[in-house]
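All of the numbers you see were taken from the coordinates with simple rules; none came from a lab. Because the structure is predicted, anything quoted here is derived from the model rather than measured. Cβ sites come from the backbone with ideal geometry, for glycine too, and all protein chains shown count toward neighbours.
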């Protein structure tokens with residue numbers, strides 16, 4: 001589902017000192033330790049430990065940890081998978097205004113995972129994250145406009161949102177905006193711009209963009225070719 005985690009670990013000179021702070025109950029240090037264990041940066045990768053430290057920080061009210069713990073429950077990383085637990089932790093952070101969690105909660109409603117499927121509610125959460133300039137939420141809301149889910153269908157509105165997210169390097173937005181330029185939907189048709197966007201998305205890791213580039217921009221008239229929400 002492309003669930004959004006919080007930022008990468010900050011470089012640390014001494015992981016043992018960070019761990020000592022975490023063990024003393026510092027929520028930020030607990031979150032950073034969780035990130036380190038999840039990423040395998042500065043210590044051996046250990047998803048069980050990552051989840052344990054995220055929970056410690058989350059219980060202390062750390063919003064980023066709540067978001068990441070929700071993501072781990074959704075993917076079953078270090079914990080037993082549970083959509084309902086994922087929703088619980090995303091909601092705790094989202095209602096406090098954490099944009100990544102707002103986007104993720106929107107995803108849960110859009111997909112009907114852990115909550116009844118509801119496009120209108122999904123759009124409402126995406127908008128809250130978009131108001132904080134969250135790129136994945138911009139891309140996801142653009143996709144909703146593209147398909148007319150929870151909002152009136154509008155390629156122009158989709159293009160505006162994809163463009164904002166694409167400027168930050170969001171691969172899904174770059175790819176989808178490229179498709180809009182290729183077919184001339186919501187924007188003036190321009191194969192050159194489409195090519196640049198496909199290449200940028202491919203470089204950022206979009207499998208769809210790589211496929212489109214390799215096949216010399218196969219027909220993009222079918223909405224099913226558009227990248228699913230982040």
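Debye sum, Cα scatterers, region 54-165, no solvent: what log₁₀ I/I(0) at q = 0.19 1/Å?
Here log10 of I(q) over I(0) equals -0.89.
Could you grab the relative contact order for region 85-170? Cα pairs under 8 Å, six or more apart, rounded to a whole percent.
21 percent
I'd like to compare 82-93, 187-198: which one has the highest average count of other Cβ atoms within 10 Å, and what's the full order after that?
The densest-packed peptide leads the list: 82-93, 187-198.
In percent, how large is the relative contact order of region 15-132, given Cα pairs closer than 8 Å and 6 or more residues apart? Each step should come with its number before you reach the end.
Working: 196 pairs, mean separation 17.7, N = 118.
RCO, region 15-132: 15 percent.
So for each of 25-38, 97-110 I average, over its residues, the number of other beta carbons within 10 Å; can you give me the resulting order with the highest mean first?
Highest-to-lowest ranking by the protection proxy: 97-110, 25-38.
Please work out the Kirkwood hydrodynamic radius for region 5-105, using every pair of different C-alpha atoms, and report it in angstroms with one decimal place.
13.1 Å
So what's the projected area for region 93-147, the Cα convex hull averaged over all directions, in nm²?
Working: hull surface 13.0 nm².
Quarter of the Cα hull surface area: 3.2 nm².
Full extension from residue 83 to residue 24: what is 0.36 nm times the residue separation minus their Cα-Cα distance, to one decimal in nm?
Numbers: separation 59, 0.36 × 59 = 21.24 nm, distance 3.10 nm.
Gain on stretching residue 83 to residue 24: 18.1 nm.
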